[in-house]
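Read-outs: derived from the displayed coordinates by stated rules, not from any lab. Given the structure is predicted, the values throughout are model-derived calculations rather than measurements. No Cβ is skipped: glycine too gets one built from the backbone with ideal geometry, and neighbour counts run over all protein chains shown.
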Amino acid sequence: MNIYLVGGAVRDKLLGITPKDSDYCVTGATPEEMTAAGYICVGREFPVFLHPKTSEEYALARTERKKGHGYTGFICSFSPDVTIEEDLQRRDLTINAIAEDGSGNLIDPYGGRDDIRNRILRHVSPAFSEDPLRVLRLARFYASFFHLGFRVAPETADLCRKLAADGELKYLTAERVWQEVLKALTSENPEKFFEFLDETDSLKELFPELHELKSLKENPVYHPEKDTFSHTLLTLKAISGLTKNPQTRFAMLTHDFGKIIEFRSDSPEENPHRLAGVPLVENFCRRLRVPKDFQKTAVNVCRYHSYVNLCHKSPDYFNRLFLDTGSYRDATRTGIIGQCIRADSHGRLGFEKEAFISDYFLAYVLAKASRAKTADVMADGFTGAAITEELNRRRTELIAKALLELQQLYPGVIY
């Protein structure tokens, strides 16, 4: 029995990154021998074992042979005769196909170290094109390592285009797609994930709503980037500079879906698209089986992301925003809206560093409105449904005063 450290742990060590976890590959062993040694079998589709003390994963070396469509259509062999080189050959990228033995020696039969030095994401073998999930994994690695200077090898990008052209992407399940999207949203440059999918003709099959945004030409006065997809990626980049929260980042990805239905390129107001986008965002989330908390944040941002003349909106508008988002219970939810309207404004070519204060206005108005308390309303003798009615009346009154104060403090400022 031989045990090797494999995959991301070896790659990250070579990149000077502290590995998040360690995975091991075992050669020359059977499942029965692993169990006899105290390892706990947890794999359903192929033998994966947990170390009895560290709970780290140990997988038997295996080979794979394509037998059907999708990422599950493989026949696997777990013979003790499978070598570490054969196991590494089935992996997706050369940078992930490096092993380290117990003495610290590297086994690198496919040039992974050179590709790490040269900052190249390259497939190990033509078998890459047999698994459509690898398109998403590659896009995610690109988003994760773009800031380190990594680029995708042209021949590897061509294999992704072949997978898309062959219709293999349609065999991916919603759960697996969402898992990769979620990982991409936590990367350094999540916008590169979707940019790569677009460049490899994969966007239309996986995310048709985003693909439709490509055909929507913006008014160059307000959007020099010209189309709504480009704007969306710029806002995703902008929000990623403000927060690592994947919920907030996801909300910026979907915030302009309403333009597919209600597109107004001749006016910066664009109010109809915000409301029209809500059912599209909801359908998108249902199709990908996005968690409910992500969906709720995305819907709220879609409905309230407009930054134009925010401080001149009506008091009722603000009160409804705070109620819909639950901001009276949790002020951070207005903070999310504020971050998103800032990212929406800065997600335009030439406007990336423009002065912006609407998010501060929003926080200021919420703080003022939150002074109206249910206990005070009840103490004044209100009961039943009249409590909510009076509470909202007082909140709206406080909002009106706050807006007047802002207009006096910042005359002529609209964003």
ask   = log10 I(q)/I(0), Debye, Cα-only the stretch 207-409, no solvent, q = 0.12, 0.13, 0.17 Å⁻¹?
value = -0.62, -0.72, -1.13
key: Loop-resident sites, the stretch 331-393, for trypsin sites (Lys or Arg not before Pro), counting at most 13 other Cβ within 10 Å (DSSP)   = Lys353, Arg371, Lys373
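Under the rule a/c < 1.5 gives rounded, and otherwise a/b versus b/c splits prolate from oblate, where does the chain land using the Cα gyration tensor? It would help to have the intermediate numbers written out before the result.
Numbers: a/c = 2.61, a/b = 1.97, b/c = 1.32.
Here the chain falls in the prolate category.
Using the Cα centre as the reference, give the magnitude of the dipole from point charges on the C-beta atoms of the stretch 119-206 (Lys, Arg: +1; Asp, Glu: -1; all else neutral), rounded to the nearest 20 debye.
Numbers: 13 positive and 15 negative charges, 53 e Å.
With Lys and Arg at +1 and Asp and Glu at -1, about 260 debye.
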Exposure proxy order (Cβ contacts within 10 Å, fewest to most) of Leu403, Leu310 = Leu403, Leu310
query = What is the set of long-range amide H partners of Leu121 at a cut-off below 5 Å, with H atoms built 1.01 Å from backbone N?
reply = Arg151, Val152, Ala153
task = Indicate the gyration tensor shape class of the stretch 119-206 (rounded, prolate or oblate), computed on the Cα atoms with a ≥ b ≥ c the square roots of the eigenvalues: a/c under 1.5 is rounded; otherwise a/b larger than b/c is prolate and the rest oblate.
result = oblate
ask   = According to the square roots a ≥ b ≥ c of the eigenvalues of the Cα gyration tensor, what is the shape class of the stretch 166-208, taking rounded for a/c under 1.5, prolate for a/b larger than b/c otherwise, and oblate for the remainder?
value = oblate
ask   = How do Asp101, Asp87 rank when sorted from fewest to most other Cβ atoms within 10 Å of their own Cβ?
value = Asp101, Asp87
